[in-house]
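One structure is given below, encoded as structure tokens.
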Amino acid sequence: MRVSLFVTCLADVMYPQVGESVVRLLTRYGCEVDFPEQQTCCGQPAFNSGYQDEAREVARNMIRAFEHSDYVVSPSGSCTGMVHHFYPYLFEDEPEWKAKAEALVGKIYEFSQFVVKVLGVKDLDAVFTEKVTYHPSCHAMRLLGVKEEPLELLSNVRGLEFVNLAHKEDCCGFGGTFAVKMADMSEAMVCEKAKNVTETGATVLVGTDMGCLMNIDGRLNKEGKPIRVMHLAELLEKGVIANERASK
């Protein structure tokens, strides 16, 4: 199965290990992974700020970058959601480009969604012996309908003690440009989220979007909370490696 990695801006610039974990896990399950170097931002910051013409040009570039891919997988429900819900909208008046946008929509997946729904894998033979809680990102959950897939993958990690996060479906306050435009409100929201995370007693917070995790991690660090923040792909890969070492 040929898969192209859409790494996203945040993973590429600040969390490259997340993209690497995605590639290594997909490769383990027989995927031939490539990385189209033409890819850039998905255009969401421009789109959310009202710059639709600029977002449209970015979208054209992304469509070209992945035009020949069989599947596209991303460690971000937010960026994948942008493609799913707003690329066809951007090209409502351009039938040819709208068709190309819809073709990309049909083959792009958030990481956990692809692993569970396309590869059909729910148990990666991973071991991770810590107390873990999970933050579901708004865009993955609400735009893509990714709700059970991350939990299914976590439920099959041996040794993992899962604890539910109170008010887990509440936004963390990041929202990309929202955190800049509405800074006070954003800070209040992430303070509430960090409080709920801390009260779980978990040593690790896991999620599927680096924007959310970066925001929550920043607040936890500011408050001096000893809670590690990890993308789901990172946790799963560490768990797979730990299990392999234990089996030798």
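The values are calculated or read from the model by the stated rules, or taken from the named source; none is laboratory data. Not measured: the values here are computed from a predicted model. All Cβ positions, glycine included, derive from the backbone under ideal geometry; neighbour counts span all protein chains shown.
Residues that are under 17 Å from A65 (Cα atoms) and polar (S, T, N, Q) within the stretch 1-44 comprise S4, T8, Q38, Q39, T40, Q44, listed in sequence order. Consider S78 carefully, then state whether it is surrounded by 18 or more Cβ atoms within 10 Å (Cβ to Cβ), among the hydroxyl-bearing types (S, T, Y) and either at pLDDT below 95 or more than 21 Å from L143 (Cβ to Cβ) (or both). Yes: the conditions hold for S78. Considering C191, C171, the condition of being farther than 25 Å from V7 by Cα and not assigned by TED's automatic domain parsing to the domain that holds V7 is satisfied by C191 alone.
Any residue in the stretch 116-134 that is over 21 Å from R2 (Cβ atoms), small (G, A, S) and part of a helix (DSSP H, G or I)? No: the stretch 116-134 contains no residue that is over 21 Å from R2 (Cβ atoms), small (G, A, S) and part of a helix (DSSP H, G or I). For the stretch 90-105, what are the residues that are surrounded by fewer than 21 Cβ atoms within 10 Å (Cβ to Cβ) and under 18 Å from the mean Cα position of the chain (by Cα)? Once the filter is applied, which keeps residues that are surrounded by fewer than 21 Cβ atoms within 10 Å (Cβ to Cβ) and under 18 Å from the mean Cα position of the chain (by Cα), the stretch 90-105 yields only V105. Of all residues in the stretch 20-47, those being part of a loop (DSSP other than H, G, I, E, B), hydrophobic (A, V, I, L, M, F, W, C) and over 28 Å from V240 (Cβ atoms) number 2. In this entry, V197 passes the filter for residues that are over 14 Å from the mean Cα position of the chain (by Cα) and surrounded by 23 or more Cβ atoms within 10 Å (Cβ to Cβ). Within the stretch 155-171, residues that are of a type in the set (G, A, S) reach partners that are not in a loop (DSSP other than H, G, I, E, B) with beta carbons closer than 6 Å, at six or more positions or on different chains, in the pairs G159/V127; A166/N196. Scanning the stretch 4-56 for residues that are buried (at least 16 other Cβ atoms within 10 Å of the Cβ), among the hydroxyl-bearing types (S, T, Y) and within 16 Å of L232 (Cβ to Cβ) returns T8, Y15, S21. Of all the criteria given as (1) surrounded by 13 or more Cβ atoms within 10 Å (Cβ to Cβ); (2) outside any helix (DSSP H, G or I), the one not satisfied by H167 is (1). Scan the stretch 87-94 and give yes if some residue there is part of a loop (DSSP other than H, G, I, E, B) and in contact (Cβ under 8 Å) with a residue 60 or more places away in the chain, otherwise no. No, the stretch 87-94 contains no residue that is part of a loop (DSSP other than H, G, I, E, B) and in contact (Cβ under 8 Å) with a residue 60 or more places away in the chain.
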